[in-house]
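Heads up, the thing below is written out as C-alpha coordinates.
The values are calculated or read from the model by the stated rules, or taken from the named source; none is laboratory data. Note that this is a predicted model, so its numbers are computed, not measured. Cβ: placed from backbone, ideal geometry, glycine included. Neighbour counts: every protein chain shown.
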Amino acid sequence: MVQEFKKVGVVGLGTMGAGIAEVFARAGFNVIGVEIDQAALDRGRGHLDKSLGRAVAKGKLTEEERSAIEERLTFTTSREDLTDADLVVEAVPERMDLKRDVFGDLDRICKPETILATNTSSLSVTEIAALTGRPEKVVGLHFFNPAPVMKLAEVITTVSASAETVDIVTEMAKRIGKTPVTVGDRAGFVANALLVPYINDAVRLYERGVATREEIDESVKKAAGLPMGPLALADMVGIDVCLAVMDVLWDEYRDPRYAAAPLLRRMVAAGHYGRKAGRGFYAGRDEAPEPRP
Ligand code: 3HC
(Lines give C-alpha, C1' and ligand atoms only; values in the text may rest on other atoms or scores of the structure.)
Protein backbone atom coordinates (compact mmCIF):
# COMPACT_ATOMS: atom_id res chain seq x y z
CA MET A 1 0.00 0.00 0.00
CA VAL A 2 2.65 2.51 1.08
CA GLN A 3 4.68 1.44 -1.95
CA GLU A 4 1.93 2.98 -4.09
CA PHE A 5 2.06 6.30 -2.26
CA LYS A 6 3.56 8.86 -4.62
CA LYS A 7 2.13 12.25 -3.87
CA VAL A 8 2.19 13.97 -0.51
CA GLY A 9 0.51 17.28 0.22
CA VAL A 10 1.77 19.62 2.92
CA VAL A 11 -0.63 22.37 3.95
CA GLY A 12 1.13 25.26 5.64
CA LEU A 13 4.76 26.02 4.84
CA GLY A 14 5.92 27.75 7.99
CA THR A 15 9.00 26.51 9.84
CA MET A 16 7.52 23.06 10.42
CA GLY A 17 5.61 22.65 7.16
CA ALA A 18 8.59 23.62 5.01
CA GLY A 19 10.77 21.17 6.95
CA ILE A 20 8.18 18.42 6.52
CA ALA A 21 7.90 19.11 2.77
CA GLU A 22 11.69 18.88 2.53
CA VAL A 23 11.82 15.56 4.37
CA PHE A 24 9.26 13.93 2.06
CA ALA A 25 10.86 15.34 -1.10
CA ARG A 26 14.29 14.16 0.02
CA ALA A 27 12.85 10.67 0.53
CA GLY A 28 11.66 10.58 -3.11
CA PHE A 29 8.00 11.60 -2.80
CA ASN A 30 6.38 14.18 -5.04
CA VAL A 31 5.36 16.94 -2.69
CA ILE A 32 2.82 19.63 -3.23
CA GLY A 33 3.18 22.50 -0.77
CA VAL A 34 0.10 24.64 -0.15
CA GLU A 35 -0.07 28.08 1.36
CA ILE A 36 -2.82 30.59 1.83
CA ASP A 37 -1.46 33.29 -0.50
CA GLN A 38 1.52 34.06 -2.70
CA ALA A 39 3.46 35.94 -0.01
CA ALA A 40 3.19 32.98 2.41
CA LEU A 41 4.13 30.61 -0.39
CA ASP A 42 7.23 32.68 -1.16
CA ARG A 43 8.24 32.62 2.51
CA GLY A 44 7.77 28.83 2.59
CA ARG A 45 9.92 28.41 -0.52
CA GLY A 46 12.48 30.64 1.15
CA HIS A 47 12.69 28.25 4.15
CA LEU A 48 13.17 25.31 1.79
CA ASP A 49 15.78 27.05 -0.37
CA LYS A 50 17.74 28.01 2.72
CA SER A 51 17.66 24.53 4.19
CA LEU A 52 18.61 22.80 0.92
CA GLY A 53 21.31 25.43 0.32
CA ARG A 54 22.75 24.72 3.76
CA ALA A 55 22.83 20.98 3.02
CA VAL A 56 24.69 21.63 -0.27
CA ALA A 57 27.13 24.03 1.41
CA LYS A 58 27.88 21.39 4.04
CA GLY A 59 28.48 18.76 1.36
CA LYS A 60 25.48 16.71 2.51
CA LEU A 61 23.71 17.09 -0.85
CA THR A 62 25.15 17.43 -4.34
CA GLU A 63 23.84 20.07 -6.74
CA GLU A 64 22.28 17.25 -8.79
CA GLU A 65 20.50 15.88 -5.74
CA ARG A 66 19.23 19.32 -4.86
CA SER A 67 17.86 19.76 -8.40
CA ALA A 68 16.14 16.37 -8.23
CA ILE A 69 14.55 17.29 -4.89
CA GLU A 70 13.42 20.64 -6.27
CA GLU A 71 11.83 18.90 -9.24
CA ARG A 72 9.76 16.81 -6.87
CA LEU A 73 8.47 19.93 -5.10
CA THR A 74 5.56 21.93 -6.46
CA PHE A 75 3.79 24.84 -4.83
CA THR A 76 0.27 26.17 -5.00
CA THR A 77 -2.16 28.48 -3.26
CA SER A 78 -5.08 26.25 -4.22
CA ARG A 79 -6.07 23.35 -1.96
CA GLU A 80 -8.05 22.00 -4.90
CA ASP A 81 -4.72 20.78 -6.31
CA LEU A 82 -4.61 18.12 -3.57
CA THR A 83 -7.37 15.98 -5.11
CA ASP A 84 -5.13 13.03 -5.90
CA ALA A 85 -2.67 13.27 -2.98
CA ASP A 86 -2.16 9.96 -1.18
CA LEU A 87 -1.28 11.61 2.13
CA VAL A 88 -1.75 15.19 3.25
CA VAL A 89 0.09 16.57 6.27
CA GLU A 90 -1.41 19.70 7.77
CA ALA A 91 0.99 22.13 9.47
CA VAL A 92 -0.97 25.37 9.81
CA PRO A 93 -0.95 27.47 13.02
CA GLU A 94 -2.41 25.95 16.16
CA ARG A 95 -5.96 27.28 16.02
CA MET A 96 -8.98 25.03 15.86
CA ASP A 97 -10.78 27.45 13.51
CA LEU A 98 -7.92 27.14 11.02
CA LYS A 99 -7.84 23.35 11.38
CA ARG A 100 -11.61 23.28 10.80
CA ASP A 101 -11.21 25.27 7.61
CA VAL A 102 -8.33 23.12 6.33
CA PHE A 103 -9.78 19.72 7.25
CA GLY A 104 -13.22 20.65 5.93
CA ASP A 105 -11.62 21.52 2.59
CA LEU A 106 -9.35 18.47 2.53
CA ASP A 107 -12.23 16.13 3.29
CA ARG A 108 -14.24 17.63 0.43
CA ILE A 109 -11.36 17.88 -2.05
CA CYS A 110 -9.19 14.79 -1.54
CA LYS A 111 -10.05 11.40 -2.99
CA PRO A 112 -11.73 9.08 -0.46
CA GLU A 113 -8.57 7.02 0.10
CA THR A 114 -6.39 10.01 1.02
CA ILE A 115 -5.01 9.83 4.54
CA LEU A 116 -5.07 13.13 6.40
CA ALA A 117 -2.47 13.79 9.09
CA THR A 118 -2.03 16.73 11.40
CA ASN A 119 1.28 17.98 12.76
CA THR A 120 -0.52 19.61 15.68
CA SER A 121 1.54 19.84 18.84
CA SER A 122 -1.25 20.92 21.14
CA LEU A 123 -4.72 20.22 19.78
CA SER A 124 -6.70 17.01 20.06
CA VAL A 125 -6.24 14.81 17.00
CA THR A 126 -9.57 13.15 17.82
CA GLU A 127 -11.34 16.52 17.59
CA ILE A 128 -9.58 17.32 14.33
CA ALA A 129 -10.55 13.90 12.92
CA ALA A 130 -14.17 14.58 13.89
CA LEU A 131 -14.14 17.63 11.61
CA THR A 132 -14.07 15.23 8.67
CA GLY A 133 -16.32 12.52 7.31
CA ARG A 134 -13.36 10.11 7.37
CA PRO A 135 -12.10 10.04 10.99
CA GLU A 136 -10.75 6.53 10.46
CA LYS A 137 -8.28 8.03 7.99
CA VAL A 138 -7.05 10.85 10.23
CA VAL A 139 -4.06 10.60 12.60
CA GLY A 140 -1.41 12.86 14.03
CA LEU A 141 2.05 12.85 12.46
CA HIS A 142 4.03 15.03 14.80
CA PHE A 143 7.48 16.22 13.74
CA PHE A 144 10.08 17.98 15.85
CA ASN A 145 11.91 21.17 15.09
CA PRO A 146 14.04 21.25 12.96
CA ALA A 147 12.01 18.67 11.07
CA PRO A 148 14.79 17.72 8.63
CA VAL A 149 17.09 16.91 11.53
CA MET A 150 15.09 15.49 14.45
CA LYS A 151 14.56 11.76 14.16
CA LEU A 152 11.35 11.28 16.13
CA ALA A 153 7.92 11.25 14.51
CA GLU A 154 5.00 10.66 16.86
CA VAL A 155 2.15 8.83 15.14
CA ILE A 156 -0.89 9.83 17.14
CA THR A 157 -3.74 7.41 17.11
CA THR A 158 -7.31 8.08 18.20
CA VAL A 159 -10.36 6.06 19.14
CA SER A 160 -11.64 6.59 15.60
CA ALA A 161 -8.46 5.96 13.57
CA SER A 162 -8.24 2.60 11.82
CA ALA A 163 -5.34 0.26 12.50
CA GLU A 164 -4.62 0.32 8.75
CA THR A 165 -4.22 4.11 8.76
CA VAL A 166 -1.86 3.97 11.75
CA ASP A 167 0.17 1.21 10.03
CA ILE A 168 0.44 3.13 6.78
CA VAL A 169 1.51 6.38 8.44
CA THR A 170 4.00 4.52 10.62
CA GLU A 171 5.44 2.93 7.49
CA MET A 172 5.59 6.34 5.77
CA ALA A 173 7.47 7.76 8.76
CA LYS A 174 10.04 4.99 8.38
CA ARG A 175 10.28 5.61 4.64
CA ILE A 176 11.28 9.22 5.30
CA GLY A 177 13.98 8.16 7.74
CA LYS A 178 12.19 8.96 10.98
CA THR A 179 11.78 6.80 14.05
CA PRO A 180 8.02 6.50 14.54
CA VAL A 181 6.50 6.04 17.97
CA THR A 182 2.77 5.38 18.22
CA VAL A 183 1.18 7.37 21.02
CA GLY A 184 -2.33 8.05 22.23
CA ASP A 185 -4.20 11.33 21.85
CA ARG A 186 -3.55 12.96 25.21
CA ALA A 187 -2.46 16.53 25.84
CA GLY A 188 1.16 16.96 24.75
CA PHE A 189 1.24 13.35 23.48
CA VAL A 190 4.53 12.06 24.94
CA ALA A 191 7.47 14.24 23.93
CA ASN A 192 5.81 17.62 24.50
CA ALA A 193 4.15 16.45 27.73
CA LEU A 194 7.70 16.07 29.04
CA LEU A 195 9.62 18.75 27.15
CA VAL A 196 7.32 21.74 27.42
CA PRO A 197 6.77 21.66 31.22
CA TYR A 198 10.57 21.49 31.48
CA ILE A 199 10.84 24.65 29.34
CA ASN A 200 8.11 26.23 31.47
CA ASP A 201 10.05 25.45 34.65
CA ALA A 202 13.10 27.13 33.13
CA VAL A 203 11.00 30.23 32.42
CA ARG A 204 9.88 30.22 36.06
CA LEU A 205 13.49 30.12 37.27
CA TYR A 206 14.35 32.92 34.89
CA GLU A 207 11.46 35.19 35.81
CA ARG A 208 12.19 34.71 39.51
CA GLY A 209 15.72 35.88 38.88
CA VAL A 210 17.27 32.64 40.13
CA ALA A 211 19.74 32.69 37.25
CA THR A 212 20.32 34.45 33.95
CA ARG A 213 19.07 32.95 30.70
CA GLU A 214 22.67 31.96 29.84
CA GLU A 215 23.25 30.34 33.24
CA ILE A 216 20.02 28.34 32.97
CA ASP A 217 20.79 27.15 29.46
CA GLU A 218 24.45 26.37 30.15
CA SER A 219 23.51 24.44 33.29
CA VAL A 220 21.18 22.12 31.46
CA LYS A 221 23.46 21.71 28.47
CA LYS A 222 26.44 20.80 30.59
CA ALA A 223 24.51 18.79 33.18
CA ALA A 224 22.43 16.70 30.82
CA GLY A 225 24.49 16.79 27.62
CA LEU A 226 21.68 18.40 25.61
CA PRO A 227 22.45 20.34 22.43
CA MET A 228 20.65 23.46 23.58
CA GLY A 229 19.20 24.84 26.78
CA PRO A 230 15.47 25.24 27.50
CA LEU A 231 15.21 28.99 26.84
CA ALA A 232 17.05 28.76 23.51
CA LEU A 233 14.80 25.81 22.68
CA ALA A 234 11.70 27.88 23.51
CA ASP A 235 12.89 30.54 21.07
CA MET A 236 13.38 27.89 18.40
CA VAL A 237 10.12 25.97 18.78
CA GLY A 238 8.07 29.12 19.37
CA ILE A 239 7.02 30.63 22.68
CA ASP A 240 3.42 30.67 21.43
CA VAL A 241 3.65 26.92 20.77
CA CYS A 242 5.05 26.34 24.28
CA LEU A 243 2.18 28.30 25.82
CA ALA A 244 -0.40 26.45 23.72
CA VAL A 245 0.98 23.10 24.91
CA MET A 246 1.02 24.26 28.56
CA ASP A 247 -2.57 25.42 28.27
CA VAL A 248 -3.82 22.10 26.87
CA LEU A 249 -1.94 20.22 29.60
CA TRP A 250 -3.60 22.50 32.16
CA ASP A 251 -7.04 22.08 30.57
CA GLU A 252 -6.71 18.33 30.50
CA TYR A 253 -5.26 17.66 33.96
CA ARG A 254 -5.82 20.86 36.05
CA ASP A 255 -2.54 20.05 37.77
CA PRO A 256 -0.61 23.08 39.16
CA ARG A 257 2.61 21.79 37.67
CA TYR A 258 1.09 22.52 34.26
CA ALA A 259 0.27 26.17 35.00
CA ALA A 260 2.03 28.34 32.42
CA ALA A 261 4.71 30.68 33.77
CA PRO A 262 3.31 34.24 33.74
CA LEU A 263 6.27 35.48 31.67
CA LEU A 264 5.50 32.90 28.97
CA ARG A 265 1.97 34.29 28.73
CA ARG A 266 3.17 37.92 28.73
CA MET A 267 5.67 37.24 25.97
CA VAL A 268 2.96 35.71 23.80
CA ALA A 269 0.66 38.67 24.54
CA ALA A 270 3.47 40.95 23.37
CA GLY A 271 4.00 38.95 20.16
CA HIS A 272 7.43 37.78 21.34
CA TYR A 273 7.09 34.31 19.86
CA GLY A 274 10.81 33.58 19.61
CA ARG A 275 13.02 33.21 16.57
CA LYS A 276 10.23 33.38 14.00
CA ALA A 277 9.11 36.76 15.41
CA GLY A 278 12.63 38.12 15.87
CA ARG A 279 11.85 38.58 19.58
CA GLY A 280 12.21 36.03 22.35
CA PHE A 281 14.46 35.07 25.23
CA TYR A 282 17.48 35.62 22.98
CA ALA A 283 16.01 36.60 19.62
CA GLY A 284 16.29 40.35 19.17
CA ARG A 285 18.02 40.86 22.54
CA ASP A 286 21.79 41.04 22.79
CA GLU A 287 21.49 41.99 26.43
CA ALA A 288 19.26 39.88 28.64
CA PRO A 289 16.69 42.18 30.22
CA GLU A 290 16.50 42.12 33.99
CA PRO A 291 13.37 40.16 34.84
CA ARG A 292 10.86 42.34 36.68
CA PRO A 293 8.27 40.01 38.20
N1 3HC B 1 16.86 22.97 9.00
C2 3HC B 1 17.58 21.98 8.46
N3 3HC B 1 18.74 21.51 8.99
C4 3HC B 1 19.17 22.11 10.11
C5 3HC B 1 18.47 23.16 10.73
C6 3HC B 1 17.27 23.59 10.13
N7 3HC B 1 16.54 24.56 10.66
N8 3HC B 1 19.17 23.54 11.83
C9 3HC B 1 20.24 22.75 11.89
N10 3HC B 1 20.25 21.90 10.86
C11 3HC B 1 21.22 20.84 10.61
C12 3HC B 1 22.55 21.38 10.18
O13 3HC B 1 22.62 21.55 8.78
C14 3HC B 1 23.49 20.30 10.66
O15 3HC B 1 23.46 19.22 9.72
P16 3HC B 1 24.71 18.22 9.55
O17 3HC B 1 24.94 17.58 10.90
O18 3HC B 1 24.21 17.24 8.51
O19 3HC B 1 25.85 19.05 9.12
C20 3HC B 1 22.86 19.81 11.95
O21 3HC B 1 21.48 20.17 11.86
C22 3HC B 1 23.49 20.45 13.15
O23 3HC B 1 23.36 21.85 13.00
P24 3HC B 1 24.46 22.91 13.40
O25 3HC B 1 25.82 22.28 13.36
O26 3HC B 1 24.25 24.15 12.60
O27 3HC B 1 24.04 23.35 14.86
P28 3HC B 1 23.93 22.49 16.15
O29 3HC B 1 24.91 21.38 16.21
O30 3HC B 1 23.88 23.50 17.22
O31 3HC B 1 22.48 21.80 16.01
C32 3HC B 1 20.16 21.70 16.36
C33 3HC B 1 21.30 22.54 15.86
C34 3HC B 1 19.98 20.48 15.43
C35 3HC B 1 18.91 22.57 16.32
C36 3HC B 1 20.51 21.19 17.80
O37 3HC B 1 20.81 22.30 18.60
C38 3HC B 1 19.37 20.43 18.44
O39 3HC B 1 19.19 19.24 18.21
N40 3HC B 1 18.61 21.11 19.31
C41 3HC B 1 17.48 20.51 20.03
C42 3HC B 1 16.26 20.54 19.16
C43 3HC B 1 15.08 19.94 19.84
O44 3HC B 1 15.08 19.54 20.99
N45 3HC B 1 13.97 19.90 19.10
C46 3HC B 1 12.71 19.43 19.61
C47 3HC B 1 11.88 20.59 20.04
S48 3HC B 1 10.25 20.16 20.55
C49 3HC B 1 9.32 20.25 19.14
O50 3HC B 1 9.78 20.61 18.09
C51 3HC B 1 7.88 19.84 19.24
C52 3HC B 1 6.96 20.93 18.88
O53 3HC B 1 5.65 20.40 18.80
C54 3HC B 1 6.98 22.03 19.90
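Before moving on, here are some points about what is shown:
- Just one of the listed residues (A57, A85, A39) is buried (at least 18 other Cβ atoms within 10 Å of the Cβ) and among the small types (G, A, S), and it is A85.
- Some residue of segment 171-188 being over 30 Å from F281 (Cα atoms), touching a residue at least 24 places away in the same chain (Cβ under 8 Å) and of a type in the set (D, E): yes
- Neighbours by Cβ (under 6 Å, 6+ apart or cross-chain): first from segment 52-81, without any contact (Cβ under 8 Å) to a residue 24 or more places away in the chain; second more than 10 Å from the ligand (Cβ to nearest atom) and not basic (K, R): R66/V56
- Residue list for segment 12-36, filter: more than 14 Å from the ligand (Cβ to nearest atom) and either within 18 Å of K276 (Cβ to Cβ) or modelled with pLDDT under 95 (or both): G33, E35, I36
The rows are residues; the columns are (1) among the charged types (D, E, K, R); (2) touching a helix residue (DSSP H, G or I) at 6+ places or on another chain (Cβ under 9 Å); (3) surrounded by 16 or more Cβ atoms within 10 Å (Cβ to Cβ); (4) modelled with pLDDT of 95 or more.
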| position | (1), (2), (3), (4) |
| --- | --- |
| V196 | no, yes, yes, yes |
| L205 | no, yes, yes, yes |
| G209 | no, no, no, no |
| V220 | no, yes, yes, yes |
| M228 | no, yes, no, yes |
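- Which listed residue, of A187, A193, A202, A234, is within 14 Å of the ligand (Cβ to nearest atom), within 18 Å of A259 (Cβ to Cβ) and in contact with a Lys or Arg (Cβ under 8 Å, 6 or more places away or on another chain): A193
- Criterion (out of contact with any strand residue (DSSP E or B) (no Cβ under 8 Å at 6 or more places or on another chain) and within 15 Å of the ligand (Cβ to nearest atom)) met by exactly one of E287, E214, E218: E218
- Whichever residue in segment 56-73 is of a type in the set (A, V, I, L, M, F, W, C) and at pLDDT 95 or above and, among such residues, is farthest from the ligand (Cβ to nearest atom): A68
- Qualifying residue in segment 253-266 (condition: without any contact (Cβ under 8 Å) to a residue 40 or more places away in the chain, assigned to a helix (DSSP H, G or I) and of a type in the set (F, W, Y)): no
- For segment 115-173, a residue qualifies if it is more than 16 Å from the ligand (Cβ to nearest atom), farther than 21 Å from L98 by Cα and buried (at least 23 other Cβ atoms within 10 Å of the Cβ), and the qualifying residues are A161, T165, V169, M172.
- T182 being buried (at least 20 other Cβ atoms within 10 Å of the Cβ), away from the ligand (no atom under 15 Å from the Cβ) and modelled with pLDDT of 95 or more: no
- Filtered residues of segment 30-51 (kept if farther than 16 Å from I20 by Cβ and either in contact with a Leu (Cβ under 6 Å, 6 or more places away or on another chain) or free of Cβ contacts under 8 Å to residues at least 24 places away in the same chain (or both)): A39, D42
- Residue among T120, T132 that alone is of a type outside the set (D, E, K, R) and under 30 Å from R54 (Cα atoms): T120
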